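Accompanying notes for the structure given below.
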Amino acid sequence: LDSQQFGDETTGRFFMRVHFDVPASQTIKAIRSQFDQIAQKFAMDWGMWAVAAKPKLVLMVSKFGHCLNDLLFRFKSGQFQIEIPAIISNHTDFALLVASYGIPFYHLPVTPPTKTQQERQILQIIQQSQADLIVLARYMQILSSDLCLALSGRAINIHHSFLPGFKGAKPYAQAHERGVKLIGATAHYVTSDLDEGPIIEQDVARVDHSMDPSALAAL
């Protein structure tokens with residue numbers, strides 16, 4: 001149905017994505033088994049998925065709910081063809097909101113002495129829910145190196161694109177004070193290097209002197 005390919009001159013690797021129909025008499029499991037012989041012959045890194053299968057997302061949030069609320073609305077309205085088997089928070093602020101969607105809500109408070117235990121609970125919920133992707137929807141805790149490793153390639157985050165120019169507290173206030181005219185956002189994979197994981201997508205927008213720090217943040 002569709003084919004996309006790309007040769008990376010830097011790494012010498014060839015990437016290909018093919019979208020195809022499966023005859024009614026076949027199953028993906030059977031095709032995977034048959035194709036594995038070809039993949040081994042050519043030493044391929046490969047995967048095969050059903051387009052109709054909805055990926056499972058576990059959302060993590062703290063006390064700012066705008067990202068969570070947006071994701072839940074897109075899920076409920078069918079804009080995102082996903083399943084949300086669990087929502088994890090270190091606070092109870094959004095328990096009622098999540099309950100209104102009929103999604104299990106897990107309150108896992110965390111303090112420095114309990115961080116290791118709390119992260120074990122997080123990992124257990126993720127494993128039990130068989131999550132494909134973990135989305136940090138304003139989860140205001142730094143994940144440990146161990147948890148980052150356990151979730152490698154499956155956890156994503158989004159932050160402003162000022163880094164590393166405006167680090168620390170109130171980056172939008174810092175940018176506003178400097179008179180920044182171009183701002184953006186970066187979606188990236190979560191790694192033990194804070195906000196420095198491989199970049200998935202970026203976008204930018206122009207701003208002007210009439211906008212205050214809160215307007216920059218909203219944009």
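Taking the mean number of other Cβ atoms within 10 Å as a proxy for protection, how do you rank 7-13, 140-146, 76-82 from highest to lowest?
Taking the mean over residues of other Cβ atoms within 10 Å, the ranking is 140-146, 76-82, 7-13.
Per residue, how many Å² of accessible area does segment 1-134 show with a 1.4 Å probe?
On a per-residue basis, segment 1-134 sits at 70 Å².
When a/c reaches 1.5 or more, the comparison of a/b and b/c decides; with that in mind, is segment 118-219 rounded, prolate or oblate per its Cα gyration tensor?
Judged from the Cα gyration tensor, segment 118-219 comes out prolate (a/c at least 1.5, a/b above b/c).
Nearest 500 deg cm²/dmol is fine: what mean residue ellipticity at 222 nm does the chain get from its DSSP H runs of n ≥ 4 alone, each adding -39,500 (n - 2.57), divided by its residue count?
After summing the helix terms and dividing by the residues of the chain, the value is -8500 deg cm²/dmol.
Too long at a 24 Å Cα-Cα cut-off: which of Lys76/Lys167; Lys56/Lys76; Lys29/Lys54; Lys54/Lys76?
Violating the 24 Å Cα-Cα cut-off are Lys76/Lys167.
Calculate the spin-label point distance for Leu133 paired with Val18, positioning each point 7 Å from the Cα along the beta-carbon direction, and give it in nanometres.
Result for the modelled spin labels: 2.5 nm.
Beta carbons within 10 angstrom, averaged per residue: use that to sort the peptides 129-137, 186-194, 26-34, highest first.
Output ranking for 129-137, 186-194, 26-34: 129-137, 186-194, 26-34.
Return the whole-Å distance between the Cα centroid of segment 62-121 and the Cα centroid of segment 140-200.
Centre-to-centre distance over Cα atoms comes out at 20 Å.
I'd like the carbon and sulfur percentage of the solvent accessible area for segment 1-90, probe radius 1.4 Å, heavy atoms only, ligands and nucleic acids excluded.
55 percent
Starting from the Cα gyration tensor of segment 82-158, multiply each eigenvalue by 5, take the square root, and state the resulting semi-axes largest first in whole Å.
For segment 82-158, the ellipsoid semi-axes come out as 19, 16, 11 Å.
Show me the chymotrypsin sites (Phe, Trp or Tyr not before Pro) within segment 83-174 that DSSP assigns to loop and that have at most 16 other Cβ atoms within 10 Å of their Cβ.
Those that pass, being in a loop and sparsely packed, are Tyr101.
In straight Cα distance, which lysines are under 22 Å from Lys115, not counting same-chain residues fewer than 8 positions off?
Cross-link targets: Lys63.
Test of understanding: express the Cα radius of gyration of the chain as a ratio to 2.2 N^0.38 Å, with N the residue count.
Its radius of gyration relative to the 2.2 N^0.38 Å reference: 1.21.
If you stretched the chain out fully between Ala50 and Asp203, how much longer would it get, using 0.36 nm times the residue separation minus the C-alpha to C-alpha distance?
Length gained, Ala50 through Asp203: 52.2 nm.
Using a 1.4 Å probe, what is the accessible area per residue for segment 140-189, in Å²?
Value returned for segment 140-189: 58 Å² of accessible area per residue.
The values are calculated or read from the model by the stated rules, or taken from the named source; none is laboratory data. Treat the numbers as computed from the prediction; the structure is a model and nothing was measured. As a convention, Cβ positions derive from the backbone with ideal geometry for all residues, glycine included, and neighbour counts pool all protein chains shown. The area values use the complete protein model at the heavy-atom level, side chains included, leaving out ligands, DNA and RNA. Shrake-Rupley method; radii C 1.70, N 1.55, O 1.52, S 1.80 Å.
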